[in-house]
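See structure below.
The values are calculated or read from the model by the stated rules, or taken from the named source; none is laboratory data. In this text, all values refer to a predicted model and were calculated from it rather than measured experimentally. Virtual Cβ from ideal backbone geometry, glycine too; neighbours counted across all protein chains shown. These area figures cover heavy atoms from the full protein model, side chains too; ligands, DNA and RNA do not enter into them. Shrake-Rupley method; radii C 1.70, N 1.55, O 1.52, S 1.80 Å.
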Amino acid sequence: QVQLVESGGGLVQAGGSLRLSCAASGSIFSINAMDWYRQAPGKQRELVASITSGGSTSYTDSGKGRFTISRDNAKNTVYLQMNSLKPEDTAVYYCHGYLQLFRGDINRSYWGQGTQVTVSS
């Protein structure tokens with residue numbers, strides 16, 4: 001069974017850092033673009049950062065300047081390094097990816113289960 005599993009969330013004081021990981025497992029032919037989203041209580045899920053299979057990155061205003069997305073293709077893992085965290089960064093962070101399960105497959109959309117990040121003031 002193909003799945004994305006996040007880890008690395010937790011409670012941190014404002015100004016601190018966290019590194020989230022998202023590992024893809026199962027029978028996977030290739031992993032294409034991957035993203036990090038977040039959803040704060042009472043708000044819609046929003047895109048934070050994206051990375052292509054070749055390593056090109058992009059950020060929304062939510063992630064620009066303080067967050068860094070990266071990936072290790074050998075480990076089927078994508079990371080989100082979050083620095084200078086603020087209380088408004090408190091949210092459940094979700095990993096999302098486009099995976100192909102076999103050669104010639106379509107890009108299939110997968111979500112992780114989410115990991116809670118809480119930033120105290």
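Structure data summary
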read-out: Relative contact order [Cα under 8 Å, 6+ residues apart], the stretch 56-109, whole percent; value: 21 percent
read-out: Distance (nanometres) between label positions extended 7 Å along Cα→Cβ at D72 and S27; value: 2.6 nm
read-out: Accessible solvent surface per residue of the chain, calculated while the other protein chains remain in place, 1.4 angstrom probe, Å²; value: 52 Å²
read-out: Approximate spin-label separation Q100-T60, in nm, with each point projected 7 Å along Cα-to-Cβ; value: 2.8 nm
read-out: Modelled FRET efficiency - R0 25 Å, Q3 with S121, Cβ distances, 0.05 increments; value: 0.15
read-out: Cα pair distances exceeding 20 angstrom across the stretch 43-105, given as percent; value: 33 percent
read-out: Accessible-area composition of the chain, carbon plus sulfur, in percent [1.4 Å probe]; value: 46 percent
read-out: Summed residue charge, Cβ within 9 Å of S62's Cβ, Lys/Arg positive, Asp/Glu negative; value: -1
read-out: Average Cα contact separation per residue, the chain, under 8 Å, 6 or more apart, as relative contact order %; value: 36 percent
read-out: Within-12-Å neighbourhood charge of Y79 [Cβ basis; K, R +1; D, E -1]; value: +1
read-out: Area projected by the alpha carbon convex hull of the chain, averaged over all directions, nm²; value: 7.2 nm²
